[in-house]
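Visitor: I'd like to ask some things about the structure below.
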Amino acid sequence: MLGAIINLLYPAICRVCSKKLDEFDRNICASCAKKLKERLPPFCLRCGRQLKGDTELKAICADCKNDTPHFDRAWSACHYEGVLKDLIHDFKYKKITSLSKDFASLIINFMKKYDIGKESQIILSVPMHPDKLFKREIDHADILARAIGKGLGIAYSGNALKKIKNTPPQSKLKREDRIKNLRSSFSLKNSSLASGRNILLVDDLFTTGSTVNECAMLLKNSGAGRIEVITLARGDSIQ
Ligand SMILES: [Zn+2]
Ligand SMILES: [Zn+2]
């Protein structure tokens, strides 16, 4: 009711096509949401890379064969391109935090389609170093994970993972340097939190997977059960 009144007074507008929206707390209309490029199977059974071939194909990509990730399974809902790139930029840098609801519903729909996180007992987000948070002012992964937790009815353990080393951006480094860069850069506030639990780890982007992999290693070393990673987007090429 209150939402309807707010929407009447201050109609929400789609950030992509500028059409009026029915829901006051949304940023993307249904037709623009459909234009975001969803990732399609076959996926690598480990890291979720989109593979060439038949959708029935059950395969593991070359990277995962060479170096098995610490997480059990990673998934990304959309391709990191086009309009979505701009929307993620608005979310992270223009601080349009209400986009988390649009993103969370995209992710949740994707999760339901592939039975992702069915066994997850807690949700964690990939943390940001306090110095970086001070500069950025918002922790986008935390906001996204909170919205997903609310939508799925799974407890979100905010701030359980900590970034203790302020590392240079991963995107500027080579693969070996990425792994070195992240070594011992995370800590877990309370190791009993992960012990024996199946975890859903949330981030906005999956680039090489080194960051989520480092977090997954720490969680597994703390006794975590199954670790599934869900991200909004991934910008890989199809293999
Ligand atoms: Zn639109
Ligand atoms: Zn893979």
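The values are calculated or read from the model by the stated rules, or taken from the named source; none is laboratory data. The model shown is predicted, which means the values in this text are computed figures rather than measured ones. In this analysis, Cβ positions are derived from the backbone assuming ideal geometry, glycine residues included, and neighbour counts consider all displayed protein chains.
Visitor: Going by what's in this entry, would Leu51 be described as over 22 Å from Ala141 (Cβ atoms), in contact with a strand residue (DSSP E or B) (Cβ under 7 Å, 6 or more places away or on another chain) and within 13 Å of ligand 2 (Cβ to nearest atom)?
Guide: For Leu51, the condition - over 22 Å from Ala141 (Cβ atoms), in contact with a strand residue (DSSP E or B) (Cβ under 7 Å, 6 or more places away or on another chain) and within 13 Å of ligand 2 (Cβ to nearest atom) - is met.
Visitor: Could you figure out which of (1) under 17 Å from Arg39 (Cβ atoms); (2) touching a residue at least 24 places away in the same chain (Cβ under 8 Å); (3) out of contact with any helix residue (DSSP H, G or I) (no Cβ under 6 Å at 6 or more places or on another chain); (4) not basic (Lys, Arg) isn't true of Asp115?
Guide: (2)
Visitor: For Asn109, are the conditions met, namely being touching an Asp or Glu at 6+ places or on another chain (Cβ under 6 Å) and either over 17 Å from Leu205 (Cβ atoms) or within 16 Å of ligand 1 (Cβ to nearest atom) (or both)?
Guide: no
Visitor: Also, I was wondering about something else. Taking the condition touching a Gly at 6+ places or on another chain (Cβ under 8 Å), within 18 Å of Lys37 (Cα to Cα) and surrounded by 15 or more Cβ atoms within 10 Å (Cβ to Cβ), does Ile108 pass?
Guide: Against the criterion (touching a Gly at 6+ places or on another chain (Cβ under 8 Å), within 18 Å of Lys37 (Cα to Cα) and surrounded by 15 or more Cβ atoms within 10 Å (Cβ to Cβ)), Ile108 qualifies.
Visitor: I'd like to know if the range 62-71 contains one or more residues that are at pLDDT below 95 and touching a Leu at 6+ places or on another chain (Cβ under 7 Å).
Guide: no
Visitor: For the range 118-132, enumerate the residues that are without any contact (Cβ under 8 Å) to a residue 60 or more places away in the chain and charged (D, E, K, R).
Guide: Selection gives Lys118, Asp131, Lys132.
Residues are listed down the side, and each one gets a yes or a no for (1) in a loop (DSSP other than H, G, I, E, B); (2) within 16 Å of ligand 1 (Cβ to nearest atom); (3) touching a residue at least 60 places away in the same chain (Cβ under 8 Å):
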residue: Arg46; (1), (2), (3): yes, no, no
residue: Gly53; (1), (2), (3): yes, no, no
residue: Glu56; (1), (2), (3): yes, no, no
residue: Pro69; (1), (2), (3): yes, no, yes
residue: Leu84; (1), (2), (3): no, yes, yes
residue: His89; (1), (2), (3): no, no, no
residue: Lys92; (1), (2), (3): no, no, yes
residue: Lys101; (1), (2), (3): no, yes, yes
residue: Ala104; (1), (2), (3): no, no, no
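Visitor: Hey, another quick one. Restricting attention to the range 186-206, does a residue exist that is without any contact (Cβ under 8 Å) to a residue 24 or more places away in the chain and either under 30 Å from Leu40 (Cβ atoms) or among the acidic types (Asp, Glu) (or both)?
Guide: No, that holds for no residue.
Visitor: Shifting gears a bit: Evaluate the range 66-78: report whether one residue or more is in the same structural domain as Leu152 (by TED's automatic domain parsing), more than 16 Å from ligand 2 (Cβ to nearest atom) and in contact with a helix residue (DSSP H, G or I) (Cβ under 9 Å, 6 or more places away or on another chain).
Guide: Yes, the range 66-78 contains at least one residue that is in the same structural domain as Leu152 (by TED's automatic domain parsing), more than 16 Å from ligand 2 (Cβ to nearest atom) and in contact with a helix residue (DSSP H, G or I) (Cβ under 9 Å, 6 or more places away or on another chain).
This table checks each residue for (1) at pLDDT below 95; (2) over 14 Å from the mean Cα position of the chain (by Cα); (3) buried (at least 20 other Cβ atoms within 10 Å of the Cβ); (4) not basic (Lys, Arg).
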| site | (1), (2), (3), (4) |
| --- | --- |
| Asn159 | yes, yes, no, yes |
| Ile164 | yes, yes, no, yes |
| Arg183 | yes, yes, no, no |
| Ala224 | no, yes, yes, yes |
| Gly235 | yes, no, no, yes |
| Gln239 | yes, yes, no, yes |
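Visitor: Give me the residue from the range 71-82 that is within 23 Å of Leu218 (Cβ to Cβ) and surrounded by 20 or more Cβ atoms within 10 Å (Cβ to Cβ) and, out of that set, nearest to ligand 1 (Cβ to nearest atom).
Guide: Ser76
Visitor: From the list Lys132, Lys113, Lys92, which one is out of contact with any strand residue (DSSP E or B) (no Cβ under 6 Å at 6 or more places or on another chain) and closer than 29 Å to Ser191 by Cβ?
Guide: After ruling out the rest, the residue left standing is Lys132.
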